[in-house]
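The values are calculated or read from the model by the stated rules, or taken from the named source; none is laboratory data. All of these numbers come straight from a predicted model, not from anything done at the bench. Counting neighbours? That spans all protein chains shown, and the Cβs are built from the backbone with ideal geometry, glycine included. SASA here: full protein model, heavy atoms, side chains in, ligands and nucleic acids out. Shrake-Rupley method; radii C 1.70, N 1.55, O 1.52, S 1.80 Å.
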Amino acid sequence: MSAICRDKLDDSQRDTMVKPLLEKGWTVTSNRDALYKEYIFKNFNQAFGFMTQIALLAEKYDHHPEWFNVYNKVQITLSTHTCNGISELDTTMASFAESISNKN
């Protein structure tokens, strides 16, 4: 697994890495530099399965999302604390979440 940058994205990187996520329903939070999205699944099992897959990737990258789950709803916030903003790690995790969200 190649190293993923933990530095805060510059404007050019944001255009390349964040913009496609915004088009898929992700938002940049208003109170801090972080990515946010809410997913709704058919039931708790699907929501928990989704979270489990993300948790496994989070452990590999040592980069853990802030999230909230009630029954079929999962809210995810991604931000890199060491740079106080959005990094490539966050966009990688968000892209992974997108890639598995329809499979659960």
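Go through the stretch 70-86 residue by residue and tally those that are surrounded by 14 or more Cβ atoms within 10 Å (Cβ to Cβ) and either under 10 Å from the mean Cα position of the chain (by Cα) or aliphatic (A, V, I, L, M) (or both).
Applying the first criterion (surrounded by 14 or more Cβ atoms within 10 Å (Cβ to Cβ)) to the stretch 70-86 yields 72, 74-80, 83, 85-86.
Next, from what is left, pick out any that are either under 10 Å from the mean Cα position of the chain (by Cα) or aliphatic (A, V, I, L, M) (or both): 74-79, 86.
Number of matching residues: 7.
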- Task: Report whether or not THR92 is open to solvent by 30 Å² or more (accessible area, probe 1.4 Å), among the β-branched types (Val, Ile, Thr) and either under 11 Å from the mean Cα position of the chain (by Cα) or at pLDDT 95 or above (or both).
- Result: yes
- Single residue of the stretch 6-48 satisfying the filter (under 20 Å from PHE68 (Cβ atoms), of a type in the set (D, E, K, R) and touching an Asp or Glu at 6+ places or on another chain (Cβ under 9 Å)) that is least open to solvent (accessible area, probe 1.4 Å): LYS37
- Task: May I ask you to list pairs of residues, at least six apart or on different chains, whose Cβ atoms are under 7 Å apart, with the first in the stretch 46-65 being without any contact (Cβ under 8 Å) to a residue 60 or more places away in the chain and farther than 18 Å from GLU88 by Cβ and the second being surrounded by 18 or more Cβ atoms within 10 Å (Cβ to Cβ) and polar (S, T, N, Q)?
- Result: GLN46/ASN104; GLY49/ASN104; PHE50/SER101; PHE50/ASN104
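Of all residues being under 19 Å from LYS8 (Cα atoms) and open to solvent by less than 60 Å² (accessible area, probe 1.4 Å) in the stretch 51-69, which is farthest from the chain's Cα centre (by Cα)? Just the residue, please.
My answer is TYR61.
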